[in-house]
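The values are calculated or read from the model by the stated rules, or taken from the named source; none is laboratory data. Note that the structure is predicted; figures quoted are calculated from it, not measured. Methodologically, a virtual Cβ is constructed for each residue, glycine included, from the backbone with ideal geometry; neighbour enumeration extends over all protein chains shown.
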Amino acid sequence: MQVATFSDTSSRNQELRYLTAHFRDLQGLRMAPFWLALLVLTSLAKTGSVSRGHLSWAAVVLITAQFGWLRLSGRWYERRYGVVKEPEPAVPSGLISIMHPEPEVRNPLARRYGYLSDVNAVLFLLWTFTFVPDMFLGHRAQPGIFAFFVAVFLVLPRCLCPVTKNWSVFLRRILAATALIAIVGIYLEYRFAQMDLLTWMAVLFSVLLLLDLYDHWLLNHLLSSDFTEGSHE
Amino acid sequence: MNKDDDNFQMPEIDRVVHEPARLAILTVLSSCEEADFLFLERATKLSRGNLSVQLTRLEDAGVIEIDKRIEHKRTLTTAKLTDQGRRTLNAYWDSMGAWRTAAESRLTGTAGPPKRARRPPRCYVPAEG
């Protein structure tokens, strides 16, 4: 009985640690609307109901709006779920935090960390300017590089980060691993079987949307778990 | 149960840390640099009053530091683990590891003092500085 109690406590504490350490990574609504909008644009391009030129401009506007949305969604998460200041990483790697700039905190240490994340986010969005509008115009788009970048910086870290015994946390890793395999597989299909570029992009955006929506659900799920059963004070 | 088992002195458990609500708060704070009141409230599922009481007790024990400041016209209350708090939490996990080993020994019938305190993985909280 005692051992079971210890294991139970340990498991709950692991979940709490995971929730706190990945608080920003689990804020999926920062990027989910962006992927959804790109998915809609890609679908419209596929059906041919809207001219490619218009879609290209829509993509430019969308990417520009995403700069503001990152800031707004950060504030929304801050007000709804609170603020967690993470320890500054020893090596300033962007990885999964690339699209999640930290909310502004008036603290020199926090500002330095947020600055690094903001730079990563801005660089990523600037880079999408060079690819996504071109994709709708049918110019020399490079979906392989785009997919590689997205997979390495947004999907791979989800596979590598430590997991707990919680099935929903473990499922996050499974989903990310599946997404990684799917991205590689569908790219090979596009590259060698001449799959349509827009179909390939639609699949990519769908996968990213799914991952981010799951992250947001997982954040709420972990926050709804009761970690303090038996607290009597 | 044998003689060795009877003579074995179990390590003391720090009662400040051992209470579930306070342990949950300290677990959160050990995984970040600092967290605000709202996040602690949501993560631990404690009521505002209870959380406030527990934070005060932890602050009185010197385990955490509480900071209040105004940001965006709101009072932001943040808490962070002190160096003493990190040491206390590490000592607590060591004690719990010893208890766990002893409990497992009793279950398997190999009673006796634990050879080595076992600690759950990734519980260690590195002390700063």
Residue by residue through the range B:62-81, note down the ones that are within 12 Å of chain A (Cβ to nearest Cβ) and among the small types (Gly, Ala, Ser).
B:Ala79
Could you list, in sequence order, all residues of the range B:74-94 that are in a helix (DSSP H, G or I), surrounded by 15 or more Cβ atoms within 10 Å (Cβ to Cβ) and charged (D, E, K, R)?
B:Arg86, B:Asp94
Confirm whether B:Trp99 is over 20 Å from B:Ala61 (Cβ atoms), of a type in the set (Phe, Trp, Tyr), at pLDDT 50 or above and not in a loop (DSSP other than H, G, I, E, B).
yes
Criterion first (closer than 21 Å to A:Leu19 by Cα, touching a residue at least 40 places away in the same chain (Cβ under 8 Å) and either of a type outside the set (Phe, Trp, Tyr) or crowded, with 22+ Cβ neighbours inside 10 Å (or both)) does B:Leu58 satisfy it?
no
Identify, by number, the condition in (1) within 22 Å of A:Glu86 (Cβ to Cβ); (2) surrounded by 14 or more Cβ atoms within 10 Å (Cβ to Cβ); (3) facing chain A (nearest Cβ under 8 Å) that B:Trp99 doesn't meet.
(1)
Name the residue, out of A:Val169, A:Val203, A:Val150, A:Val132, that is more than 14 Å from every other protein chain (Cβ to nearest Cβ), out of contact with any Lys or Arg (no Cβ under 9 Å at 6 or more places or on another chain), surrounded by 15 or more Cβ atoms within 10 Å (Cβ to Cβ) and at pLDDT 85 or above.
A:Val203
Complete set of residues in the range B:24-39 that are of a type in the set (A, V, I, L, M) and facing chain A (nearest Cβ under 7 Å)
B:Ala24, B:Val28, B:Ala35, B:Leu38
In this structure, does A:Ala141 turn out to be surrounded by fewer than 19 Cβ atoms within 10 Å (Cβ to Cβ), among the hydrophobic types (A, V, I, L, M, F, W, C) and modelled with pLDDT under 75?
yes
Members of the range B:35-50 found to be part of a helix (DSSP H, G or I) and within 18 Å of A:Arg17 (Cα to Cα), listed by number:
B:Phe37, B:Leu38, B:Phe39, B:Leu40, B:Glu41, B:Arg42, B:Ala43, B:Thr44
Taking the criterion of being more than 17 Å from A:Met31 (Cβ to Cβ), touching a residue at least 60 places away in the same chain (Cβ under 8 Å) and of a type outside the set (Asp, Glu), would at least one residue in the range A:171-194 satisfy it?
no
With respect to A:Leu16, is the statement that it is in a helix (DSSP H, G or I), within 14 Å of another protein chain (Cβ to nearest Cβ), over 17 Å from the mean Cα position of the chain (by Cα) and at pLDDT 85 or above true?
yes
What are the pairs, 6+ residues apart or on separate chains, where a residue within the range B:7-34 that is modelled with pLDDT of 85 or more has its Cβ under 8 Å from a residue that is among the acidic types (Asp, Glu)?
B:Glu19/A:Glu233; B:Pro20/A:Glu229; B:Ala21/A:Glu233; B:Cys32/A:Glu86; B:Glu33/A:Glu86; B:Glu33/A:Glu88; B:Glu34/B:Asp67
Determine whether the range A:209-224 contains at least one residue that is at pLDDT below 85 and not aliphatic (A, V, I, L, M).
yes
Would it be correct to say that B:Ile66 is among the hydrophobic types (A, V, I, L, M, F, W, C) and part of a loop (DSSP other than H, G, I, E, B)?
no
